[in-house]
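Written out below as structure tokens is the structure these notes cover.
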Amino acid sequence: TDDKPIIITDGVVNVLPKLEVKMHILRNAVDFANKIGISRPKVSVLSATEEVLDSVPSSIEADLITKRAKKENINADVFGPLAFDNSISKKSASIKKIKSEVAGNADILLVPNVETGNALVKMMIYFMGACAAGVVLGGKTPVVITSRSDESEARLASIAAAVVALN
């Protein structure tokens, strides 16, 4: 993909968030995206599939989040379920004939659980050389969160992200 920032929720704090918690996480991520200059972020609600399947609970919840986001007029284009490839690759989304502004163009990846978020971030760091900023949002103040193995650039990026979130 290109060099744009991608916001990934939540790879540290919320292990298996319920629907209401995910809606709060979504709002916090959209607010942060606005603060970094993305006026109407494209949010992919991740699952293992782009179809709503009874056998894949995250796909059912992704569909519910998509519908609620529209109903609640969240200032974002929210679409799910989408698999990771369809979230970031326009080619993949085109091959699978997925019609959505979000497909292949996600700014925010709303993950179903902590394992998914944590693995995604670490894959981007270690396979792609990404610099990841970690910040917990939703409280009175943002909280900087880093890994013990983070490079100094990631630590500085995390502090910068927290400062941006404050304003």
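What follows draws every value from the coordinates through simple rules; no lab data is involved. Everything quoted here is computed from the prediction, not taken from an experiment. Every residue, glycine among them, receives a Cβ derived from its backbone with ideal geometry; neighbour counts consider all protein chains shown.
Looking at the stretch 49-86, which GluC sites (Glu not before Pro) are DSSP coil and have at most 15 other C-beta atoms within 10 Å of their C-beta?
GLU51, GLU72
Think of it as helices only: each DSSP H run of n ≥ 4 in the chain is worth -39500 (n - 2.57), and spread over all residues that comes to -13500 deg cm²/dmol at 222 nm.
Across all directions, the average projected area of the convex hull around the alpha carbons of the stretch 20-78 is 4.0 nm². Can you list which of the DSSP-assigned H helices in the chain have a Cα extent of 15 Å or more along the long axis and an average Kyte-Doolittle score of at least -0.5? Result, helices passing both filters: 19-35, 114-128, 152-166. Determine, at each q value in 0.14, 0.16, 0.20 (inverse angstroms), the log₁₀ of I(q)/I(0) that the Debye formula gives when each Cα of the chain is one equal point scatterer. Per q value, in the given order, log10 I(q)/I(0) is -0.68, -0.91, -1.44. What does the charge count around VAL13 come to, taking other residues whose C-beta lies under 14 Å from its C-beta (Lys +1, Arg +1, Asp -1, Glu -1)? Result for the neighbourhood of VAL13: 0.
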